[in-house]
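Shown next, in structure tokens, is the structure this report addresses.
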Amino acid sequence: MSYFVTGATGFIGRHLVQELVDHREGEIFVLVRQGSLARMETLIRRWGTDRVVPVVGDLSEPQLGVAKKWVTEHRGGIDHFFHLAAIYDMTADDATNETMNVGGTRNALGLAEALEVGCFHQVSSVAAAGDYHGRFDETMFDEGQGLPSPYHRTKYESEKIVREEAKVPWRVYRPAIVVGDSQTGAMDKVDGPYYFFPLMKLMRDSLPAWLPLVGVDLGDTNVVPVDYVAAAMDHIAHLPDRDSEAFHLVNPEPQPVVDMVNAFCAAAGAPQFATPLDRRVTRSGPLSLVPRALRPSTIVNGLIRSAPAQLVLDQTVGRLGVPAEVLAHTSFTAVFDSRRTEKALAGSGIGVPDLESYSRTLWTYWEENLDQSTGRDPAVREALTGKHVVITGASSGIGHVTALKVAQAGGIPVLVARGKEKLEDTRAAIELRGGTAYVYPCDLSDLDAIDRLCEAMSAELPSIDFVVNNAGRSIRRSLRLSQDRFHDFERTMQLNYFGAIRLVMGLVPKMQEQKRGHVVNVSSIGVQTNPPRFSAYVASKAALDSWSNVVASELVGDGITFTGIHMPLVRTPMIAPTKIYDKFPTISPAQAADLVIRAMVERPHEINTMLGNAGAIAHTVAPKLAFRVLNMAYHVFPDSAAAKGESGGGTRESEQIMLAKLFKGIHW
């Protein structure tokens, strides 16, 4: 079995090639422009195979510009030709859509025919249905539907070319709106619902999550993850006797636009929308007699698509990164029947997961990898461009995201952690986006290793402008269970305190030589609030705070300054062993990284939360009352299973969650 794939460097294409590599045998030829060969070689290394073979060509050339000699050599030898190279962008102009979607399809079909392939697989889109009203099944194509944008028109026309002109067997796949991988969240661009994510982030940062907002029923949309699309295409392509058929790669249950928005708002921690006047009201009782053209959702969608409204939207929400064209096409007028596809996938285990089950995964990936707000901030760019930033614990969590944000702003992350492989992955991600990073593997609990690390960095780096002490070890265990575990206290002090100060002391001479440097210590809200069961962890962080406060007065004259961040509870792998935290309000690693960036830009002495400050004041003004409250929490929250205590939950779980929400961000 052999394959030819166009668009293999694209989002869906990369996932399809991975499916073919994982589940099929034979060579996989991939079209690539001459200038993209280096990128393709990187992808081939990621796929981990020598069965993927680049073929130089160009989508805009007849027969894709593939050399005639290559065509002659492989004529009759390609079983499946997947054509994915196209524009999947509602905002693209007419000429670009025409060249890529219509011209590209004709050229790809010409090559497939010259190769005499076994089957030509055209990746179309549900956009080919245009503004058709009602159920649109997989046997339907030309139903007199309107085509309201260049994207809709060219998707329709490219599918028509395959249906009417192909001289080889063909199959058509019509995906709905494709979002990131449901398992990893991986996405390569801002598109579809992602355009709304910056607005959701602004809502999260400006409004309390409990605040209800009034929304409008904008009809239904349809969202599917890319891993489903790739797996379904691979499976259906290899089924016998399915030529000349179209398959809807959609969610069988259309998703109301408001529900989709609320799923992502919930994932972000932003307020959600209620729709007091929705289809349950407008489609039942007397209001059901109102013609479709006069229903609220129809009127609202019509207004949004009008030229005056598009102009207004472009100058308002458009400035927040939401294109007016996208707002005009957030919902579908058609309901896409996918019974043929469901029958074809029966027994394969391939299905569309509920959006709620992976919306947080998508949000987290966007927030950590696609959110460009850090790089666009002039103050951040001025502070970080060209600066070398040493980040410990950079292989995951807060450190990993901080490194990505530093690179986005033009800084040069210096990545430090024990695991070299994960650090190399972070560096590769930064370099793929045009940045630069250095990798220095080191066990930060080994003081001699830290000394060697400091010597190497001081000698090899042109400057050390920032040091972010982020690596840390957390232990949640009551004193009752710690009597025979004194090593818990030694381990936390070794990494959180001794390792951190040894690193700073080793780099101080370089910073003194430069006459500048700033140290950011990622401390804990626990230092201010003293929660029970964290005596080992809080003590080590308090020691680092105290040390930094003392030496800050000694080094300020050398241009070296310190910021301590009393970080609230963060959703990182470090808290994973304590399962009750899964239900607690936490901030994301990206939100925590934003605090680290702020510490480097503004260089305050401390960054605290309101609750942390309130806890510190309570311990000063009314210490006895504070300890009584903490003792109550000590009895409400059990020791975790990881600490070999009794399991949580039961009748007290509601009390635990109530306290967690009331004292948001505290480690209980």
**Study point:** All positions within region 402-423 that are of a type in the set (A, V, I, L, M) and over 25 Å from R381 (Cβ atoms)
**Key:** A417
Revision key, fill the gap. Flagged in region 589-613 as surrounded by fewer than 14 Cβ atoms within 10 Å (Cβ to Cβ) and assigned to a helix (DSSP H, G or I), in numbering order, are E602, M610
Practice item. Scan region 508-519 and give yes if some residue there is within 32 Å of the chain's Cα centre (by Cα), surrounded by fewer than 18 Cβ atoms within 10 Å (Cβ to Cβ) and not in a helix (DSSP H, G or I), otherwise no. Key: no
Revision key, fill the gap. Taking region 322-337 and keeping residues within 28 Å of the chain's Cα centre (by Cα) and at pLDDT 95 or above leaves F336
Exercise for review: Restricting attention to region 404-429, report how many residues are assigned to a loop (DSSP other than H, G, I, E, B) and more than 22 Å from the chain's Cα centre (by Cα).
Suggested key: 2
Exercise for review: Inspect region 143-151 for any residue being outside the structural domain of V17 (by TED's automatic domain parsing), in a loop (DSSP other than H, G, I, E, B) and crowded, with 16+ Cβ neighbours inside 10 Å and give the result as yes or no.
Suggested key: no
Practice item. Output the number of the condition that V226 fails; it satisfies all remaining conditions of (1) out of contact with any strand residue (DSSP E or B) (no Cβ under 7 Å at 6 or more places or on another chain); (2) touching a residue at least 60 places away in the same chain (Cβ under 8 Å). Key: (1)
Point to revise | Only one of D446, D451 that is acidic (D, E), on the phi < 0 side of the Ramachandran plot and buried (at least 16 other Cβ atoms within 10 Å of the Cβ) | key: D446
Practice item. Could you check, for region 61-73, whether at least one of its residues is buried (at least 17 other Cβ atoms within 10 Å of the Cβ) and of a type in the set (K, R)? Key: no
Check your understanding: Any chance region 225-245 includes a residue that's closer than 18 Å to W366 by Cβ and of a type outside the set (D, E, K, R)?
Key -> yes
Point to revise | Hits in region 403-450 (condition: of a type in the set (S, T, N, Q) and farther than 24 Å from L370 by Cβ) | key: S445
**Study point:** Of all residues in region 255-289 being assigned to a loop (DSSP other than H, G, I, E, B), out of contact with any Pro (no Cβ under 9 Å at 6 or more places or on another chain) and surrounded by 11 or more Cβ atoms within 10 Å (Cβ to Cβ), the one that is modelled with the lowest pLDDT
**Key:** R283
Point to revise | Pairs with Cβ under 6 Å, 6+ apart, first in region 253-274 and more than 13 Å from D354 (Cα to Cα) and aliphatic (A, V, I, L, M), second crowded, with 20+ Cβ neighbours inside 10 Å and modelled with pLDDT of 95 or more | key: A267/S359; A267/W363; A268/W363
Point to revise | Residue in region 339-358 that is farthest from L249 (Cα to Cα), counting only those that are in a loop (DSSP other than H, G, I, E, B) and of a type in the set (A, V, I, L, M, F, W, C) | key: A346
Practice item. Kindly indicate whether any position in region 11-18 is outside any helix (DSSP H, G or I), under 26 Å from V178 (Cα atoms) and either modelled with pLDDT under 95 or among the polar types (S, T, N, Q) (or both). Key: no
Revision key, fill the gap. In region 132-176, anything farther than 20 Å from R340 by Cβ and among the hydrophobic types (A, V, I, L, M, F, W, C) is listed as L147, I161, V168
Exercise for review: State which residue is surrounded by the fewest Cβ atoms within 10 Å (Cβ to Cβ) when the search covers only region 461-507 and only residues that are among the polar types (S, T, N, Q) and in a helix (DSSP H, G or I).
Suggested key: Q494
Exercise for review: Please give the number of the condition T586 fails out of (1) within 18 Å of V520 (Cβ to Cβ); (2) at pLDDT below 95; (3) among the polar types (S, T, N, Q).
Suggested key: (1)
Review point. Considering region 354-394 alone, what residues qualify as being surrounded by fewer than 15 Cβ atoms within 10 Å (Cβ to Cβ) and either without any contact (Cβ under 8 Å) to a residue 40 or more places away in the chain or touching a strand residue (DSSP E or B) at 6+ places or on another chain (Cβ under 8 Å) (or both)?
Key: D354, Q372, R376, P378, E382, T385, G386
Exercise for review: Name the one entry in V401, V380 that is over 16 Å from the mean Cα position of the chain (by Cα) and at pLDDT 95 or above.
Suggested key: V380
**Study point:** Condition met for V179 (at pLDDT 95 or above, closer than 17 Å to C265 by Cα and surrounded by 17 or more Cβ atoms within 10 Å (Cβ to Cβ))
**Key:** yes
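The values are calculated or read from the model by the stated rules, or taken from the named source; none is laboratory data. Quick caveat: nothing in here was measured; it's all calculated off a predicted structure. FYI the Cβ positions are ideal-geometry reconstructions off the backbone, even for glycines, and counts take in every protein chain you see.
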